[in-house]
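J.: Let me begin by handing over the structure; questions about it come next.
Taken together, the values in this text are just the output of simple stated rules run on the coordinates, not laboratory data. Because the structure is a prediction, the values reported are computed rather than measured. When we count neighbours, we look across all protein chains shown, and the Cβ atoms used for this are built from the backbone with ideal geometry, even at glycine.
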Amino acid sequence: MPATSRPAILVSGSAAGIGRATVERFAAAGWLVGVYDVDVPGVERAVAELEDVHGAGAAVGGALDVTDVEQWHRALAEFAEVSGGRLDLLVNNAGILRAGRFADVPLAAHHLTIEINVGGVVNGCHAAYPYLKATPGAQVINLCSASAIYGQPEIASYSASKFAVRGLTEALELEWRKEGIRVQAVWPLWVNTALLEGNDTTSASTMGVRLTVEDVAEQIFDIAKPPSLVGRALGRVAPARVHTAVGLPAKALALTADLVPSFLSREVNKRINHS
Ligand SMILES: NC(=O)c1ccc[n+]([C@@H]2O[C@H](COP(=O)([O-])OP(=O)(O)OC[C@H]3O[C@@H](n4cnc5c(N)ncnc54)[C@H](O)[C@@H]3O)[C@@H](O)[C@H]2O)c1
């Protein structure tokens, strides 16, 4: 099938929250957006609303449980039918959080967090690789988190899952750059979404929930832009940006972790978490 002239983005977990705002942002810029989520009524609602605002054919979508690689293959094949095989950007966004003191959270919830937040990204990158490789200038953006700066009490397995996303992003950025696929991650601190419902944490009360889904979507849109002429010239001498913290508090935490010895990072995090 012929590739369409529109760039194409597929976002996992995009029926709600950050994923939903991300498809909205790219649709507004004229991209073909793929809305995929376990929440099928949510997907149908999102596609209908996106088409209402941006016109028929602006969005496609369907069921996707990111833990099931067969569902990834089906979703990608369906999306490619419409995009003409193009996958300019894959955003691995689907994720869950179960907060609580480690021993109080059921073991099954810890395992599910790892399965969705890490397994889902591994599946997504693996299944999407042929499409990314076939699309000139293709990119992957993974939803990491400020909890990958230093391990976070009360969200231990979530934080560990985001350290894994961080590692996977760094490894694939190096491995796939030679193949023309750019890999990055965004690192928001707390964002006001359903993810936080029933998940009170000391860190969220200390740091506040300051970011909106639109803030994160705008950051994703921004880092997905092709570099300017100046950016391209700088890119020949400066290292590529892999991680982007979202919002001032997350940027400050990331910078602190880069600059200070690890015992001071631990001290900062001890205070944030009142541990
Ligand atoms: N909200 C925050 O404070 C925050 C901060 C940093 C990073 N993040 C990350 O951003 C991403 C999106 O989070 P959000 O805050 O928008 O959450 P959200 O709960 O609002 O939305 C998550 C979406 O993922 C979907 N989903 C859940 N399990 C799935 C699965 N197995 N397969 C496919 N879809 C699935 C849900 O149905 C939902 O639509 C997550 O990876 C999260 O870890 C969130």
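J.: Calculate, in nm to one decimal, what LEU229 and ALA171 gain on full extension: separation in residues at 0.36 nm each, minus their alpha carbon distance.
T.: Net length gain for the segment: 18.2 nm.
J.: Just need the relative contact order of the range 165-275 here, percent rounded to a whole number, with Cα pairs under 8 Å and 6+ apart.
T.: 34
J.: Another question, then. How many angstrom lie between the C-alpha centres of the range 147-161 and the range 215-275?
T.: Distance between centres, Cα-based: 17 Å.
J.: Right, something else. Which value, to two decimals, describes the C-alpha radius of gyration of the range 208-275 once divided by 2.2 N^0.38 Å?
T.: That works out to 1.43 for the range 208-275.
J.: A follow-up question, please. Report the normalised scattering of the range 177-235 as log10 I(q)/I(0) at q = 0.18, 0.31 Å⁻¹, calculated by the Debye formula with identical scatterers on the alpha carbons.
T.: Taken in order of the listed q values, log10 I(q)/I(0) reads -0.76, -1.31.
J.: Using a Cα distance threshold of under 28 Å, what count of lysine pairs results for the range 8-272 when pairs must be 8 or more residues apart or interchain?
T.: Taking the Cα cut-off of 28 Å, the pair count is 10.
J.: Now for a different question. Would you compute, for the Cα atoms of the range 144-256, the largest minus smallest coordinate along each principal axis and list the three values in descending order, in whole Å?
T.: That works out to 45, 26, 25 Å along the principal axes.
J.: Quick one: which of 222-230, 19-27, 204-212 comes out on top by average Cβ neighbours within 10 Å, and what's the full order, highest first?
T.: Ranking, from highest mean packing down: 19-27, 204-212, 222-230.
J.: Here's a follow-up. Determine the gain in length on full extension of the stretch VAL260-GLU179; use 0.36 nm per residue of separation and subtract their C-alpha separation, reporting nm with one decimal.
T.: Going from the current span to full extension adds 25.7 nm.
J.: Relative contact order for the chain using alpha-carbon pairs under 8 Å, separation at least 6, rounded to a whole percent?
T.: The normalised contact order for the chain reaches 18 percent.
J.: Then there is this: Could you work out the relative contact order of the range 181-245? I mean the mean sequence separation of Cα pairs under 8 Å and 6+ apart, divided by the number of residues, in percent.
T.: 56
J.: Considering only C-alpha atoms, what is the centroid distance from the range 5-30 to the range 163-206, in Å?
T.: Here the two parts' Cα centres lie 17 Å apart.
J.: Continuing with the same structure: Can you give me the angle between helix 156-177 and the longest principal axis of the chain, using Cα atoms only, in degrees from 0 to 90, rounded to the nearest 10?
T.: Rounded to the nearest ten degrees, it is 50.
J.: Give me the orientation-averaged projected area of the Cα convex hull of the chain, in nm², one decimal.
T.: 14.7
J.: Report the net charge of residues surrounding VAL216, where surrounding means a beta-carbon distance below 13 angstrom and charges are Lys +1, Arg +1, Asp -1, Glu -1.
T.: -2
J.: When averaged across all projection directions, what area in nm² does the alpha-carbon convex hull of the range 96-152 cover?
T.: So the mean shadow area of the Cα hull is 4.9 nm².
J.: OK, next. Excluding TRP72 itself, calculate the net charge of residues whose Cβ lies under 12 Å from the Cβ of TRP72, where each Lys or Arg counts +1 and each Asp or Glu counts -1.
T.: -3
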